[in-house]
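S.K.: Dumping the structure here so I can ask a few things about it.
The values are calculated or read from the model by the stated rules, or taken from the named source; none is laboratory data. Since the structure is predicted, the reported quantities are computational estimates derived from the model, not experimental observations. Here the Cβ positions follow ideal geometry from the backbone for every residue, glycine too, while neighbour counts run over all protein chains shown.
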């Protein structure tokens, strides 16, 4: 890395950190005042409140990082412009594209970081935060239970009907499982409970029914009864069942605002469940949203560059900041609108997720190219 690149990178990092910390403190303060009564009613300690907000931090970073990067870039470029540093660099033979490389790299790195956070931490953040919040309540033992969990694993030909499923401990109450074997015969399990042990489902107080090929389930078949039964062929993992539970209870409005699942969860749901056209459109849009959303940081860096580089006076600084913020506001409105249209099945998922990025990235490149 050249000395100039290190200087530009350092000058950007300082305001970027200030902006991120400022947004984080503002958000915690606002949310804490809103939830302080709930925290007191839940008898949370200071450490547990801190844990609650640490769990929620990745979700916040995904939302605020593009805005923080925009403000930091505008400040940094405007500061360089007021001190004629950009003019000096260009007079030395450096193009604006060459000068912008450190900023583009920062945008790309932040995009990768947000993608990893969204993939690993964000999907289950709300559930984990609520678990911390409700851990001291009298009915905490009931927390985490989801009732009447029913789904069909169309890929493997299995139907699960679970009276109650605990998303924390992965316990099942009265699980019923039906599936078909390659030879055409069928099996049915009716158990009192089930738990996950050593990466396998262990059913207890079980009745196992076996039906020959082309025999109706209604025919009298004596079950095999046993206290405990392990069937390795039942490959559904707890994470996959949790994803199905969350999908069955997803709010379409929330789904149109931001991705709710990781790429792995979406792939599982698309390939294993029987979906109607609307649910399939929702999941495909979520998949494209998950890929496209982190690139917001990269697009923001392209938008901020031409406006910040023009700033050579106080008036130009104000105009540049106002113009770029307005463009970014329009960008986010179009992005949310595209998500809603894609989730509803009105436009193709790839168009809904990627068109805002493509349009505004091209606008940023065009405006940068116009600067002489």
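S.K.: Only one of these is over 30 Å from residue 366 (Cβ atoms), at pLDDT below 85 and assigned to a helix (DSSP H, G or I): 31, 38. Name it.
M.R.: Numbers: 31 fails: at pLDDT below 85.
Answer to the check: 38.
S.K.: Any chance you could count how many residues in the range 248-277 are part of a helix (DSSP H, G or I) and in contact with a strand residue (DSSP E or B) (Cβ under 9 Å, 6 or more places away or on another chain)?
M.R.: The number of residues fulfilling the criteria is 2.
S.K.: Are there any helices (runs of 4 or more DSSP H) wholly within the range 67-130 with 3 or more residues that are out of contact with any helix residue (DSSP H, G or I) (no Cβ under 7 Å at 6 or more places or on another chain) and surrounded by fewer than 14 Cβ atoms within 10 Å (Cβ to Cβ), and if so which?
M.R.: By residue number, 85-91, 101-120.
S.K.: Can you give me the number of residues within the range 1-49 that are surrounded by 14 or more Cβ atoms within 10 Å (Cβ to Cβ) and farther than 30 Å from residue 80 by Cβ?
M.R.: Adding up the residues that qualify gives 8.
S.K.: What do you reckon, is residue 281 farther than 20 Å from residue 158 by Cα and modelled with pLDDT of 85 or more?
M.R.: Yes: the conditions hold for residue 281.
S.K.: Tell me, please, whether a residue that is modelled with pLDDT under 85 and either over 27 Å from residue 114 (Cα atoms) or in contact with a helix residue (DSSP H, G or I) (Cβ under 6 Å, 6 or more places away or on another chain) (or both) can be found in the range 5-19.
M.R.: yes
S.K.: Another question about this same structure. With the requirement that a residue be on the phi > 0 side of the Ramachandran plot and either modelled with pLDDT under 75 or surrounded by 14 or more Cβ atoms within 10 Å (Cβ to Cβ) (or both), what does the range 131-159 give you?
M.R.: Matches in the range 131-159: 144 only.
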